[in-house]
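The values are calculated or read from the model by the stated rules, or taken from the named source; none is laboratory data. Here the structure is a predicted model, which means the values were calculated and not measured. When we count neighbours, we look across all protein chains shown, and the Cβ atoms used for this are built from the backbone with ideal geometry, even at glycine.
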Amino acid sequence: MALRQSASETLRPATPIPATLGDLPFLPAGTTLPPLPYLLVVLVAGGGVAVALRRRRPSVTAPHVLALTPWIALGSALHVLYVVETLPGLLAPFGGSPTVYLTVATLAGATWLVAEAVGGDAGRVPSLLAAAGTLVLAPVVAVAVAGGISGSGAYWSAVAAIASIPVAALVRRALGRVEPGVAVTGGVGALAVFGHALDGFSTAIGVAQLGFGERSPLSRIILELDWVPAVPVLGEGWLFLLVKLAVASAVVYLFVPYVREEPAEGLLLLGFVAAVGLGPAVHNLLLFTVTA
């Protein structure tokens, strides 16, 4: 889950000023709605792209869904720029949460339509989609780190990323032994497990080692349970990591018949599940790197 610095939990508002919703029950702290003109632009543009995609009905395979990974990271990186107040004032409302994710989804969808139109061979579309996302992501990350890198933040980000790889691989392999049918989810299922493993590790490490606070009320309840013993590196956050891995594994397991019977819809929805873990995880890692 996305974290915030405990020492600076109240950010100076961007201009124009968004409407804060984070005080409502069950919503993460920092949840905002942009001013009405921005909200209308996002909703109209997003709705238009959604209608166009529905009419064109592009091919949806595992490579197509995996090609959206840079776009997921883009949403996270743009939100980091919003948090550190690096986005220009007129663009800042597009970087708030959850507006930034709808904004990036609209851009990704529009790019998908263009790739379908110019790609010719359907096999080229995932490559074009991934390449476009990477080209947009790179300068955003460059801007984020241009203001300076925190040594401790970068170190613990690397620890979280490296630790997530073997743990996610082991969980995915164990899941495959329990239900061989999960092979039908392919790389998308693996990405879902990895994304939530990375979210679990980064959240636990951010709280235990870097003094960040959890933004999501439900996640905060797990992280603040008094009876949970602390362990090295992860502190009490190891329980949060286990919950994330268990939930991600259960979802992938339950999606097996759906993906088998309706592969396009199943893979897209499973890709959304992956994004729910990977997006906050990338946000955590980049935020640690530039602010811890």
Within region 65-86, is even one residue modelled with pLDDT of 95 or more, surrounded by fewer than 17 Cβ atoms within 10 Å (Cβ to Cβ) and among the β-branched types (Val, Ile, Thr)?
-> no
For region 167-225, enumerate the residues that are in a helix (DSSP H, G or I), surrounded by 16 or more Cβ atoms within 10 Å (Cβ to Cβ) and charged (D, E, K, R).
-> ARG172, ASP199, ARG220
Residue identified as more than 18 Å from the chain's Cα centre (by Cα) and not hydroxyl-bearing (Ser, Thr, Tyr) among GLY181, GLY206, GLY189 | GLY181
Pairs only if they're at least six apart or on different chains, beta carbon under 8 angstrom, first in region 260-281 and assigned to a helix (DSSP H, G or I), second among the basic types (Lys, Arg); list them, first residue then second.
-> GLY266/ARG260; GLY277/LYS244
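Looking at region 71-89, which of its residues are outside any helix (DSSP H, G or I) and either within 22 Å of ALA130 (Cα to Cα) or touching a residue at least 24 places away in the same chain (Cβ under 8 Å) (or both)?
Looking only at region 71-89, we keep the residues that are outside any helix (DSSP H, G or I), and these are 84-89.
Matches in region 71-89: VAL84, GLU85, THR86, LEU87, GLY89.
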Any chance PRO35 is of a type outside the set (Phe, Trp, Tyr), surrounded by 13 or more Cβ atoms within 10 Å (Cβ to Cβ), modelled with pLDDT under 95 and over 30 Å from VAL125 (Cα atoms) | yes
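State yes or no: is LEU225 over 22 Å from ALA62 (Cα atoms) and either touching a Ser or Thr at 6+ places or on another chain (Cβ under 8 Å) or not β-branched (Val, Ile, Thr) (or both)? Give the steps one after another, and end with the answer.
Details: over 22 Å from ALA62 (Cα atoms): yes; either touching a Ser or Thr at 6+ places or on another chain (Cβ under 8 Å) or not β-branched (Val, Ile, Thr) (or both): yes.
Taking the combined requirement at face value, the residue satisfies it.
Identify, please: which residue in region 90-107 is assigned to a helix (DSSP H, G or I) and among the hydrophobic types (A, V, I, L, M, F, W, C) and is, among those, farthest from VAL44 (Cα to Cα)?
We begin by selecting, within region 90-107, every residue assigned to a helix (DSSP H, G or I); these are 92-95, 99-107.
Still in the list and also among the hydrophobic types (A, V, I, L, M, F, W, C): 92, 94, 100, 102, 104-105, 107.
On the way: ALA92: 18, PHE94: 14, VAL100: 15, LEU102: 11, VAL104: 14, ALA105: 13, LEU107: 13 Å.
Ranking the qualifying residues of region 90-107, first place goes to ALA92.
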Which residue, of ALA131, ALA110, ALA117, is small (Gly, Ala, Ser), in a helix (DSSP H, G or I), more than 23 Å from LEU269 (Cβ to Cβ) and modelled with pLDDT of 95 or more?
-> ALA131
Scanning region 42-64 residue by residue, those surrounded by fewer than 17 Cβ atoms within 10 Å (Cβ to Cβ) and in a helix (DSSP H, G or I) turn out to be LEU43, VAL44, ALA45, GLY47, GLY48, ALA50, VAL51, ALA52, LEU53, ARG54, ARG55, ARG56
Confirm whether VAL125 is crowded, with 20+ Cβ neighbours inside 10 Å, of a type in the set (Val, Ile, Thr) and without any contact (Cβ under 8 Å) to a residue 40 or more places away in the chain.
-> no
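Could you please let me know if ARG172 is of a type in the set (Lys, Arg) and without any contact (Cβ under 8 Å) to a residue 12 or more places away in the chain? Steps first, please.
Values: of a type in the set (Lys, Arg): yes; without any contact (Cβ under 8 Å) to a residue 12 or more places away in the chain: no.
Answer is no for this residue.
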Cβ pairs under 7 Å, 6+ apart or interchain, first in region 205-222 and within 14 Å of GLU236 (Cα to Cα) and among the aromatic types (Phe, Trp, Tyr), second assigned to a helix (DSSP H, G or I) and modelled with pLDDT of 90 or more, ordered by first then second residue, are PHE212/GLY206
